[in-house]
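Reading through the structure tokens given below for one structure.
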Amino acid sequence: MAKEQTNVLILGSGGREHALGWKLKQSSRVGKLYFAPGNGGTAQIGENLPMDPSTVTTKLVDEIDYFCRHNGVSMVVIGPEDPLAGGLADRLAAPGRHVFGPVAAGARLEADKAYAKEMMRACSVPTADSKTFTNYESACAYAEARETPVVVKAAGLAKGKGAIVTSTTEEALAALKLIMDDRAFGEAGDKVVVEERLIGQEVSILALVDGRNIFVLDPSQDHKQVGEGDTGNNTGGMGVYTPTPLVNEELMEEINREVLVPTVDAMRRDDIDFKGVLYAGLMLTAGGIKVLEYNTRFGDPETQPLMMRLKGDLYDIFVACCEGTLDQVELSFDKRVCICVVMCSGGYPDVYEKGKEIKGIKAAEEGSHGEVKVFHAGTKLKKDGTLVTNGGRVLNVCAFGKTLKEAQERANQACEKIEFEGAFFRRDIGFRVM
Ligand code: AMP
Ligand code: GLY
């Protein structure tokens, strides 16, 4: 007998959410998809709801709860960190409903870097030496006394902008002033972590966790800087590829043993039922692996190529995560490399304009037999059917290849076919291992 279908609500509006929806839609168990608030791409595979999930209020919780009950939604997938940190997963829990994403106590690993550091220290997870401050003068005195460069981090959520990498004492003091005195990130800067600056290549390790079992997804490498050769300002991510040869099987085992397992165990000991994605941002240093940060959600843009490569039914995988049966589902990856190149609005990550008409997505995908796929991030579908830009990171152009080089060429060629005023992208995604 065919299993019953259910509708699914995905919260968020990025390429990550479009990719998760695209993959969920392939499941025979999934009926209709709803997105809140979604983007121009999600509007083409489901229905966008005019809801902003970033601040968790009783009104928001009631609205989502009511919507789910009246629209046959038995699964809610929470994409971004703010609602997780605000306790949305805790508050949406209801009999017969699967909520994918950790409770607030688990999301604290991302939302409070000082807590994450304490946790790492307590369970001997390798990380940079650091000290936490709430007092501005003490933080400055510490930074002045250090003889090697430091990274200054606002402990709270700061939209990925709260870590300032410095080279001199003057820069460190300026960073402390910005966060603690000017309060550039508001209360996210009430606590500050000052840590040793490490050197090495960065990799993203995402793992599915069901409270007990851990399934590690293939490793990826993200390029955060706006300019080719990893130069210029940091952005939300200019491109990513997976798998990365920087992490071989042996290193992956070490990461599992030294980082993921002790972290999940520590949460269990603290009675935190962590269900969702545990994402460790690592640096591969001369002194071994070091955790730079934890995230407690799918990475963006890491998720886009990971969904392209993931084999198996994402709905079943999410149910297994929620029910603690991750050890019983089929999970594997396509052997090919997949790359994601981010197309941005002119001026990003500083000021940029919105509302520019986008053309050529169909041409970019056409004839590729599924080897090229364009996910939407900052786009909007207007009432008259035109697609326009609506953010700094506009499109996530993903392509498969037998080799990284082939995938890169294919993605770059696809980007060339897409047009909007001011569009730019990095042609060198993956260069660090090529
Ligand atoms: P985080 O938000 O903690 O991941 O930091 C953002 C970015 O800052 C990372 O992706 C790194 O590029 C950089 N970063 C963070 N911590 C360090 C560190 N201890 N040493 C060098 N770079 C770092
Ligand atoms: N790709 C980095 C992040 O999602 O935080």
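Under the √(5λ) rule applied to the eigenvalues of the Cα gyration tensor, what semi-axes describe the equivalent ellipsoid of region 293-373? Give them in Å, descending.
31, 19, 11
Under a 5 Å amide H to amide H cut-off, with H placed in plane at 1.01 Å, what residues pair with Ala423 once short-range neighbours are removed?
HN-HN under 5 Å from Ala423: Gly346.
With a 1.4 Å probe and all protein chains in place, put Glu250, Glu118, Glu63, Glu196 in order of accessible area, largest first.
So the residues, ranked largest to smallest area, are Glu250, Glu118, Glu63, Glu196.
Which whole-number percentage describes the relative contact order of the chain, with Cα contacts under 8 Å and a sequence gap of 6 or more?
This gives 16 percent for the chain.
Calculate, for the chain, the solvent-accessible area per residue in square angstrom, rolling a 1.4 angstrom probe over the heavy atoms of the protein chains.
That works out to 43 Å² per residue.
With each label point set 7 Å from Cα along the Cα-Cβ vector, what nm distance links Asp384 and Gln201?
Once both label points are built, they end up 4.9 nm from each other.
Report the local net charge at Leu206: Lys and Arg +1, Asp and Glu -1, summed over other residues whose C-beta lies under 10 Å from its C-beta.
Combined, the nearby Lys, Arg, Asp and Glu give -1.
How much length is gained if the chain between Val351 and Asn233 is pulled fully straight, taking 0.36 nm per residue apart and subtracting their Cα-Cα distance, in nm to one decimal?
Result for the pair: 41.2 nm of gain on full extension.
Under Stokes-Einstein, with the Kirkwood radius over Cα pairs standing in for Rh, what whole-number D in µm²/s applies to region 163-207 at 4 °C and 1.567 mPa s?
It comes out at roughly 106 µm²/s.
What shape does region 26-90 have by the C-alpha gyration tensor, where a ≥ b ≥ c are the square roots of the eigenvalues, rounded means a/c under 1.5, and otherwise prolate means a/b greater than b/c and oblate the rest?
prolate
Report, to the nearest whole %, how much of the accessible area of the chain belongs to carbon and sulfur atoms, 1.4 Å probe, protein only.
47 percent
Rounded to the nearest angstrom and ordered from largest down, what semi-axes does the equivalent ellipsoid of region 14-62 get from its C-alpha gyration tensor (root of 5λ)?
21, 12, 9
Taking a ≥ b ≥ c as the square roots of the eigenvalues of the Cα gyration tensor of the chain, is the shape rounded (a/c under 1.5), prolate (a/b larger than b/c) or oblate?
In terms of gyration-tensor shape, rounded.
Go ahead and run the numbers for FRET between Ala122 and Asp65, Cβ-Cβ distance against an R0 of 30 Å, rounding to 0.05.
For Ala122 and Asp65, the calculated efficiency is 0.25.
Once the Cα gyration tensor of region 195-337 is diagonalised, what are the square roots of 5 times its eigenvalues, in whole Å and ordered largest first, as equivalent ellipsoid semi-axes?
With the √(5λ) rule applied to region 195-337, the semi-axes are 25, 19, 14 Å.
Apply the Debye scattering formula to region 193-272, with a single equal point scatterer on each alpha-carbon and no solvent, then give log10 I(q)/I(0) at q = 0.10, 0.11, 0.22, 0.27 Å⁻¹.
Cα-only, vacuum Debye calculation for region 193-272: -0.33, -0.40, -1.10, -1.22.
Long-range amide H contacts for Glu47: which residues qualify at under 5 Å (H placed 1.01 Å from N, peptide plane, sequence gap of 5 or more or a different chain)?
HN-HN under 5 Å from Glu47: Leu33, Tyr34, Phe35.
Sorted by accessible area with a 1.4 angstrom probe, largest first, how do Asp222, Asp270 fall?
The ranking, largest first, comes out as Asp270, Asp222.
The values are calculated or read from the model by the stated rules, or taken from the named source; none is laboratory data. Just so it is clear, the model here is predicted, and its values are computed rather than measured. Positions of Cβ are generated from backbone atoms using ideal geometry, with glycine treated the same way; all protein chains shown enter the neighbour counts. Ligands, DNA and RNA are stripped out before the accessible areas are found, and what is left, the full protein with its side chains, is counted by its heavy atoms. Shrake-Rupley method; radii C 1.70, N 1.55, O 1.52, S 1.80 Å.
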